[in-house]
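Down below is the structure, laid out as structure tokens.
The values are calculated or read from the model by the stated rules, or taken from the named source; none is laboratory data. Only a predicted model underlies this, so the values are computations on that prediction, with no experimental measurement involved. Note that each Cβ is placed from the backbone with ideal geometry, even for glycine, and that neighbours are counted across all protein chains shown. SASA here: full protein model, heavy atoms, side chains in, ligands and nucleic acids out. Shrake-Rupley method; radii C 1.70, N 1.55, O 1.52, S 1.80 Å.
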Amino acid sequence: MTNASLSSPPVAIDEPAIEINGLNRRFGRGEHVVRAVDGIDLRIRRGEIVALLGPNGAGKTTALDMLLGLSDPNEGTVNVLGMHPRRAVAAGRIAAVLQTGGLLPDLTVRETVSVIAGLHGALHRVGSVMDQAGLEPIAGRRIGKCSGGEQQRVKFALALIPDPDILVLDEPTAGMDVTARRRFWDVMRQDADSGRTILFATHYLEEAEQFARRTIVLDHGKVVADEPTTQLRSSLGGRTVSATLPRGGEADELVTNLRTASDAEEITLDDGRLTVRTSASDELAGRLLALGATELEIAAPSLESAFMGLTKE
């Protein structure tokens, strides 16, 4: 069955790409029940790039499985472009790059892409998706001879074949080298700018920090944060100021005063190197420079710091 043979309702521009309400998924019985997903509510707009973060066991994979129609919730609803997830998948409106699922090792890269394109009635897209995934240089290589990162790029090409409105990515750049990773995210930005919605789960926090415009953090099956990525980074409050102090009484007095200041925390002094997280970073930097401190650095809060603070339990 081709995509053309499947009817799907038109989607208004202001309608959410993904809408999740009261989503719950439990495993086990009695005292051994595990709430893998516990009352999630989400609304993701068309064209957003959203990172889904969480420690192991937070419920990310379970939530993605329900979004893709691979499993059903115990309670709650999932709508993908106004449709049930399985209908959206069948219509080619949503596609995924998952960690699980193997490729046939004896087929070449081009043969693999062509076979799947034939099933979708989209052989005309083989060249374009091969190019987008950067696969042309290895088109004749057998899958079994491809590295883990190269096989991940093949899966990416397969997900692009139906030209989906939504891409769901589970650790999409695992095994890719730096160049391939950068190319991958360049393509993702272009796709999002053209209206495609990108939802990706990753353990590379720097990827979420650099590429996600919005970050959702799951912990124990619940959403513990859902904010623009830059706002989430700054939610810790303050910046980190570090400098090498000169020797002398004035520097010692400054450190003593900082330890009792209400706008300074996480103060460390190691071999003359002072590090402070403070909401008055500019003022502190001025005082340090006036004392003759050197190697002054001011750093904004990282997404990793915010993530650790949200999931530290």
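The modelled label-to-label distance between Glu227 and Met308, using points 7 Å beyond Cα along the C-beta direction, is 1.8 nm.
When the accessible area of the stretch 31-189 is computed with all protein chains present and a 1.4 Å probe, what percentage of it is carbon and sulfur? Walk me through the numbers on the way to the answer.
Working: 3510 of 7000 Å².
Carbon-and-sulfur percentage of accessible area, whole number: 50.
The angle between the Cα long axis of helix 148-160 and the longest principal axis of the Cα atoms of the chain comes to about 60 degrees, rounded to the nearest 10. Ligands, DNA and RNA are left out, and with a 1.4 angstrom probe the accessible area of the chain is 50 Å² per residue.
Let me make sure I get this right: for the stretch 90-179, a, b and c are the square roots of the gyration tensor eigenvalues over alpha carbons, sorted descending. Under 1.5 in a/c it's rounded, otherwise prolate if a/b > b/c, else oblate. Which is it?
Working: a/c = 1.58, a/b = 1.17, b/c = 1.36.
Cα axes put the stretch 90-179 in the oblate bin.
If you model the stretch 128-220 as an ellipsoid using its alpha carbon gyration tensor, with each semi-axis the square root of five times an eigenvalue, the axes come out at 23, 16, 12 Å, biggest first. With the convex hull drawn around the C-alpha atoms of the chain, the volume per residue stands at 181 Å³. Could you tell me the calculated FRET efficiency between Arg273 and Ala300, based on Cβ-Cβ distance and R0 = 30 angstrom, to the nearest 0.05? For R0 = 30 Å, the calculated efficiency reads 0.95. Counting lysine pairs in the chain whose alpha carbons fall under 28 angstrom apart, excluding pairs fewer than 8 residues apart on the same chain, gives 5. Test of understanding: in a Gaussian network model of the chain with alpha carbons linked when under 10 Å, which of Arg153, Arg189, Arg239 would top the mean-square fluctuation ranking? The residue that fluctuates most here is Arg239.
Multiply the residue gap between Thr100 and Asp38 by 0.36 nm, knock off their C-alpha separation, and tell me the result in nm, one decimal place. The partial results should precede the final answer.
Working: separation 62, 0.36 × 62 = 22.32 nm, distance 2.37 nm.
The span from Thr100 to Asp38 would gain 19.9 nm if fully extended.
For the stretch 154-313, the fraction of alpha-carbon pairs lying more than 24 Å apart is 51 percent, rounded to a whole number. Sorting 247-256, 38-47 by their mean Cβ neighbour count within 10 Å, with the most densely packed peptide first, gives 38-47, 247-256.
Altogether, the Stokes-Einstein calculation at 37 °C and 0.692 mPa s, with the Kirkwood radius of the stretch 181-265 over Cα pairs as Rh, returns a diffusion coefficient of 197 µm²/s.
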